[in-house]
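Taken together, the values in this text are just the output of simple stated rules run on the coordinates, not laboratory data. Predicted, not measured: the structure shown is a model, and the values here were computed from it. Every residue, glycine among them, receives a Cβ derived from its backbone with ideal geometry; neighbour counts consider all protein chains shown.
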Amino acid sequence: MSLDIYINHSNTDAPLLTSGIDWVEVDSDNDTIIVSNGSDVVADGEATPGESALNSAGLVLDGTEQTFEYYFFDDASAVELKEIFLMGEGNNRYVMAFDFDASTASEPVLEIWDDITMQTVNSVVLGSGTPSASWMKGITTTDALPGVDWVGTTLAGSSDNHFLYLNNENGALTGADTLYCNLKIVVPASQTDAGITTPVVVIKWASV
């Protein structure tokens with residue numbers, strides 16, 4: 001079986017394969033998601049930015065809890081940013097799509113780790129080793145909208161209550177199906193140091 005992942009690059013909250021909706025397929029080996037405060041050069045349709053541009057467009061820490069507003073899909077094949085307009089704290093359901101072409105032996109889950117070795121959650125954004133302190137929040141939207149100002153699950157590694165069941169805890173897939181989720185990043189008021197980290201999003205399941 002196979003899994004194809006898509007990002008909704010539109011302002012319309014509609015499912016995968018809806019006519020006129022720009023769902024962009026993710027190249028999991030090369031594409032990334034960039035989180036930013038936005039700028040003239042870190043914006044939809046602009047070229048992939050360098051480190052200086054990303055730093056200039058970073059969130060300014062002000063001693064309050066802040067949720068990032070801008071999320072971009074960095075399309076490596078096009079060398080271009082594509083804003084993920086519906087990602088974040090808004091009440092949007094069809095943001096990231098996980099399209100399975102067959103049944104599974106276990107429920108697919110989404111985890112976030114420091115890197116592809118999937119051994120640690122030591123980066124600052126993942127809670128510096130304490131999953132409950134992670135900035136990464138997610139919510140499964142396969143069955144319904146997340147709700148206004150949704151809280152979601154704090155994501156870091158594979159410990160209990162720190163990953164997403166993408167089928168809403170309804171178990172393994174009984175056939176081909178598309179699952180959905182939304183993500184956001186919330187910076188705590190106590191954060192004082194800036195930096196760049198590159199955690200990885202991992203989808204796990206057992207095949208039949």
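On a C-alpha basis, how far is the centre of segment 96-157 from the centre of segment 1-52 in Å? Whole number, if you could?
Here the two parts' Cα centres lie 18 Å apart.
Take the Cα atoms of segment 26-120, build their convex hull, and give its volume per residue in Å³.
166
How large is the helix-only mean residue ellipticity at 222 nm for the chain, computed as the sum of -39500 (n - 2.57) over DSSP H runs with n ≥ 4, divided by its residue count, in deg cm²/dmol to the nearest 500?
One gets -500 deg cm²/dmol as the mean residue ellipticity at 222 nm.
With θ taken as phi - 60° and the coefficients 6.51, -1.76 and 1.60, list the Karplus ³J(HN,Hα) couplings across segment 71-87 in order, rounded to whole Hz; mark glycine and proline as x.
Values per residue, Gly and Pro as x: 10, 10, 8, 8, 7, 5, 5, 9, 6, 8, 7, 10, 5, 8, 4, 8, 6 Hz.
Excluding residue 157 itself, what net charge comes from residues whose Cβ is under 14 Å from its Cβ, given Lys and Arg +1 and Asp and Glu -1?
After counting each charged neighbour, the total is -3.
Reachable aspartates and glutamates from residue 137, Cα under 14 Å, same-chain residues fewer than 8 places away excluded?
Correct list for residue 137: 65, 69, 89, 111, 149.
If contacts are Cα pairs under 8 angstrom and at least 6 residues apart, what is the relative contact order of the chain in percent?
For the chain, the relative contact order is 25 percent.
Could you work out the Kirkwood radius for the chain, taking every pair of different alpha carbons, averaging 1/r and inverting it, reported in Å?
17.5
Compute the signed sum of charges (Lys and Arg +1, Asp and Glu -1) over the other residues within less than 15 Å, Cβ to Cβ, of residue 175.
-4
In what sequence, highest mean first, do 91-98, 168-175, 72-79 appear when ranked by Cβ atoms within 10 angstrom?
91-98, 72-79, 168-175
What is the Cα convex hull volume of segment 129-208 when expressed per residue in Å³?
121
I want to check the label-to-label distance for residue 5 and residue 132. Put each point 7 Å from Cα in the C-beta direction and report it in nm to one decimal.
Placing both labels 7 Å beyond Cα along the Cβ direction yields 2.8 nm.
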